[in-house]
1. What shape does region 174-303 have by the C-alpha gyration tensor, where a ≥ b ≥ c are the square roots of the eigenvalues, rounded means a/c under 1.5, and otherwise prolate means a/b greater than b/c and oblate the rest?
2. Please tell me which of these pairs span more than 32 angstrom C-alpha to C-alpha: Lys178/Lys374; Lys377/Lys804; Lys696/Lys804; Lys204/Lys695; Lys578/Lys605; Lys578/Lys731?
3. Out of every Cα pair in region 318-446, what percent are spaced more than 17 Å from each other?
4. Given Lys228/Lys622; Lys165/Lys517; Lys192/Lys228; Lys517/Lys740; Lys491/Lys630, which pairs have Cα atoms separated by over 26 Å?
5. Around Gly333, under 13 Å between beta carbons, what's the net of Lys plus Arg minus Asp minus Glu among the other residues?
6. How large is the Kirkwood hydrodynamic radius of region 681-799, in angstrom, based on all distinct alpha carbon pairs?
7. Compute the length gained on full extension between Arg693 and Asn477: take 0.36 nm times their separation in residues and subtract their Cα-Cα distance, giving the result in nm to one decimal.
8. For His405, tell me the accessible area in Å² from a 1.4 Å probe, rounded to the nearest 10.
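The values are calculated or read from the model by the stated rules, or taken from the named source; none is laboratory data. Everything numeric here is computed off the predicted structure, so don't read it as measured data. Heads up, the Cβs are rebuilt from the backbone with ideal geometry, glycines too, and the neighbour counts pull from every protein chain shown. Ligands, DNA and RNA are excluded from the accessible area calculation, which covers all protein heavy atoms including side chains. Shrake-Rupley method; radii C 1.70, N 1.55, O 1.52, S 1.80 Å.
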Amino acid sequence: MANNYSNRAYEFTNEPKEKKTSSLKILVCGQLLGIIVFIIGFAAGLCIGIFVYNGNESKLAHTENCQNQRGTERLENKQSEQPVITTVTNDIPSSINRGNETLNDKGEVKNKDSEHTSTSEDSDEQTCKRCVWRNPILPSSQPNLFAPLSAEEMTLVHRTLVDFKIVDVDHGQELTFKSNFIGTMFLHPPNKREALQYLDDDGKFPGRYATAVVIRGNIDQKDYMQYKIGPLEGKLPDVKVTQLLKNGEVPYESRPYDNVEIGEIIFSILADLDKISALLKDSFDINNVYEDVSIMPNGPYNDGSGRVSRFTIGLRGLGDKEFDFLNILPFTGRLSHSGQNTSDWFTYDFFYLNQGPFSNITELINVYNSGKLKYIKYPEGYKEYIIQETLPIRQVNSPVRPDSHYPGTSTYEPHGPRYTISGHVVNWMGWSFTVSTGQHRGPSIFDVRFKGERIIYENSLNEIALVYSADGSGQDNMVYLDSVYGLGEAKRAIPRVDCPFYASYLNSSGWNPRGLKASILPTFCIFEVNAQDPLWRHKGQDVEAGLNNNFLVARYPTQVGNYDYIIDFQFYLDGRVKTTASATGFIQGSFWNPSSDVQTPFGYKVANSLIGPIHDHTFGFKVDMDVAGKDNDFQLIHWKYGDVNRAMKNNKTDPSNYFFYNHTRYIEWDYVEKETGLKVDTENQKYWTIINRNKKNKNGVNRGYRIIPMTTSSQNLPDDYPRMQELSFTKYHCAITKQKDNEQYLKPLYFPVDNKLFNDTSPSQLYLEDMLDGESIANEDIVTWLSVGFLHIPTSEDVPMTIKVESGFTLKPFNFFDRTATFDIPALAVFNNTVYDNAPVPDMCVSDPYPIQH
């Protein structure tokens, strides 16, 4: 497509000159007058200049020093000018007392003990002061139970499995199908009882262990296996290996995609596509399939004949190193990839523009050559067009939005971070918690305490599920379970986009099976936020009080395929913990047939040849709360309506005598006695609370926490949906089970297997539906499995980028404290014109960017 650029930035025209006549006398007089004015002006200017220079030399020097204070942006390795905070106001009413201070009608502070007057030089000195920066990183001497695996620990795991002859790939050896190799590894959580004994009762350190996923392709009964390895703080001879699955429990043909296979799948499909290059060129302007085509396999699954994947192809709008899920073409097929010999693999069931299936490439070519194939033709140069439309860059030919060239509002830390980090343990304003990540499941927080008291033992992301619906062969009923692909396979956070420039970073870890080494990257960022609103406030005639809403964020950005996810754990001053899950990035597109309507049962036309297929996002979290101890109850509080006699059925007197109406709202309580799953019901509203019947606050009420979901969607797929076992956690917004160490996750990483093959009805790892087996949860250590998410009907505004969509849940104190939990923090408190308290006033200072901390 041709770009319409104008070759003329400015246009100039020659104006006709007017003839002017003047006498020599007038000209000479004008020149003499000009010389006289110049001499007088020069003399006056010189005097004024000397005076100004002598009077303001120090101010000019100070301004220059202030400008020289600007730091160098170390995150981006280039100079970056930081904003200077020049004013700080304290909006306290006039004519009020403030200790030894009073405010006059102009809002100026008069100090009774000092008559010092602020000068302009004092103001400049304050304005250009450099902010104090305190390094939040503290030394860590003790091993942490919950921190991600370190590089040294991963190396020890690999060395151990090689020495035990479980793994046969070592440095310098090639990774092949006929290898026993480590695909991934991650922290194996400790036994909870042992962990609590260590954390609370000075018990023995339980040790750190790893889970290693091993693809055993070089044994007789090939399979997918998991091992527990540790303790990792010991020496190699002391490390033990425990097998976590039965031999053959997850057959080799039922394993998820592994690092060897996925590359061979893509190459096999491209090799067959190369045989129909004429058709692809004629239809889609594809010149080279290896450079222009993106392959998206979906699966694997067993169709009764063996290991199969469906695949869709698309154009590469993001370069040759990125998968492009947006620019989908109407060309799909299947690949049979059973066994380890790729020469036995074959493609089949091709569909072109929903015409098919064609049993193989040859049949498709023959139909095409016969002229019987209805086909679509993209214009020449279409790939360049989609690159322009796909890349998330500003439209350089469009006007720039007014004032967008100025930097936006920025936050700074006038006295440095108020948090500290020791290892992966974070402390802030009474909060303490450990940050962790896993290569498959992603981010988590452990041992969360507020004012020294544990509230949460574990809050961890477990799974993200997506189910797509589209009118296209190969794209209907696409199901993604992103833990299989690696929610913890994060890349470096994007400075100033994912996290503010003043954030500190913590490492996440994963195993690189080809490099046989750990991948350690700063992906988890920690920073404090000023929300610019009150956490609480009140203003009356004689009362003015409030506290600013500051909170701490532990943020984990990651990317899986086309979608980018941002997981936040937010800690508030009043004891709340909010967990949010956001999605952004590219949508997965589907081909729009020009003969179709722009509105289809599966979505809207969103771009030139694309439909945005409808789908959902469901985030599954494991939340193990210990409210005032580990033995808790799940209590429902029903929000009801009825006549007053029913509301006060236990009252000995007749309440109808003094109620204005014989109608009222009221609440009723009941306990969830057995393991079950719950859904949000807006018609019959209720509170979900976790309470401790054995612990009460000073008012005699059971101490507790409330679960507040932000969910905006519900699962409407029936129980007989073919993939429902894997998706069973999406059926409920909250499921409650008894805590068990062998029920660590809401689903396994592998696909469902038939345990009847082993004459065994007790699989090693369970799905959530299997965990809900009716056990008593009264006064027990319980776990809640929270599923939150949203429906997505893509629109034109989702191309090229989807604006961030958010869901999540909040854990809120519910009679846990005796009173509002923030009254140990300085806050504005003005009563009867007297200032009794106030929040610290930040210094005016220049804030430099901080280096990445990890």
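1. Values: a/c = 3.43, a/b = 2.63, b/c = 1.31.
Prolate, because a/c is 1.5 or more and a/b exceeds b/c.
2. Values: Lys178/Lys374 44 Å; Lys377/Lys804 34 Å; Lys696/Lys804 41 Å; Lys204/Lys695 28 Å; Lys578/Lys605 36 Å; Lys578/Lys731 22 Å.
Long pairs (Cα-Cα over 32 Å): Lys178/Lys374; Lys377/Lys804; Lys696/Lys804; Lys578/Lys605.
3. Details: 6598 of 8256 pairs.
Percent of Cα pairs beyond 17 Å in region 318-446: 80.
4. Working: Lys228/Lys622 21 Å; Lys165/Lys517 18 Å; Lys192/Lys228 16 Å; Lys517/Lys740 33 Å; Lys491/Lys630 36 Å.
Listed pairs above 26 Å: Lys517/Lys740; Lys491/Lys630.
5. On the way: positive: Lys275, Arg310, Arg334; negative: Asp272, Asp349, Glu363.
Taking every other residue near Gly333 into account, the sum is 0.
6. Numbers: mean 1/r = 0.0574 Å⁻¹.
About 17.4 Å, per the Kirkwood formula over Cα pairs.
7. On the way: separation 216, 0.36 × 216 = 77.76 nm, distance 4.59 nm.
Length gained between Arg693 and Asn477: 73.2 nm.
8. 130
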